[in-house]
Structure formats: C-alpha cells, structure tokens
1. Rank these for me by crowding, Leu2, Leu60, going from fewest to most other beta carbons within 10 Å.
2. What are the semi-axes of the equivalent ellipsoid of region 1-71, taken as the square roots of 5 times the eigenvalues of the Cα gyration tensor, listed largest first and rounded to whole Å?
3. Taking every pair of distinct Cα atoms and averaging 1/r, then inverting, what Kirkwood hydrodynamic radius in Å comes out for the chain?
4. Full-extension gain between Val108 and Asn78, please, as 0.36 nm times their residue separation minus the C-alpha to C-alpha distance.
5. Quick one: among Gly73, Gly86, Gly53, which has the greatest mean-square fluctuation in a GNM of the chain with alpha-carbon springs under 10 angstrom?
6. Which order results if Val82, Val22, Val98 are arranged by neighbouring Cβ count within 10 Å, fewest first?
7. For Leu128, Leu113, which order do you get if you count the other beta carbons within 10 Å of each Cβ and list the fewest first?
8. Which trypsin sites (Lys or Arg not before Pro) does region 1-74 hold that lie in a coil by DSSP with at most 14 other beta carbons within 10 Å?
Amino acid sequence: MLDITAADRIAIHETIALHGHVADDRDWDRWSELFSDDVVLDLEDFGLGTTNGIAALRKLSRDNQDDPAQPLGHHVTNIVLVAQDGDRVRARSKGLAVNADGTSGTVVYEDTLRREPQGWRICHRKILARRAPVRA
C-alpha cells in the first residue's frame, strides 16, 4: 500500500489527466503545469528518441503540431499508482487517441511524478505504443 494522501492521489490523477487538454489545445506553454523543468520523455517506441527538458518538449511539440498524423483527441484513463519512493510516485495509465481520419490508437504511459513546490509534476514519461501483432 502506498503511503499517500487522498489529496495527493487526486492531484496526481489531475496532473496526468491534464495531458489531453494541453495536447489537444496545442497550448505548449502549459506543459509546465504537468511536466517538470527537467522532464525526460521517452518516445523511442515511436522512433522519436528521448527528449530532455521542458524547452525541448515545447520545441518538439511546436515542430510537430501540424503533422496530420497527430491525433485530434488525446484521452487518458485507467490511472493507477504503482510505487512510491519518498516524494516520487510511479504511475501507469492508458492513452486513447482519436485521429482525423476516424481511426484510433492506444498507448501506455509509464510515469514518474515528483512533488515540487508548485505541485506534482511528471519528471519521467515513457510512452509505449499498443499495436496489433503482425501476422505472417
């Protein structure tokens, strides 16, 4: 059992859930409301490498915001807290994406959040694509 208050649990859930709103609004200046300044974002599963720091994340977001492959809707669900180490908590959640052509996709977010003076922030996120198995 994690030694975390209900208020912290709600704050963590809201931090993770905020991702969809900021991404869909393309409001990149708000990334700091959910990510730490030193965030590490692992996008290896999408061939985009690892992004280090909030400034690099904003640049990546702006550079790719007009890519037609970017989803119109990002939805985060099934948030569970899986481990705690002091003021750090690990969480897993599911992401659902709705694309402009009506297709959808899903990912798993593996997050580490850290308590900071302004609240809980994601300091490490690994995004894992969920893909159908390739049939031979």
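1. In increasing order of surrounding Cβ atoms, one gets Leu2, Leu60.
2. Semi-axes (√(5λ), whole Å): 25, 14, 12.
3. It works out to 15.5 Å.
4. Stretched fully, the Val108-Asn78 segment lengthens by 9.8 nm.
5. Ranking Gly73, Gly86, Gly53 by mean-square fluctuation puts Gly86 first.
6. Sorted ascending by nearby Cβ count, the order is Val82, Val98, Val22.
7. Least to most surrounded, the residues fall as Leu128, Leu113.
8. Working: sites: Arg9, Arg26, Arg30, Arg58, Lys59, Arg62; in loops: Arg26.
Answer by residue number: Arg26.
Laboratory data are not the source of any read-out in this text; all were calculated from the coordinates shown. This structure is a prediction, so every number in the text was calculated from the model and none was measured. Note that we place each Cβ from the backbone using ideal geometry, even for glycine, and neighbour counts take in every protein chain shown.
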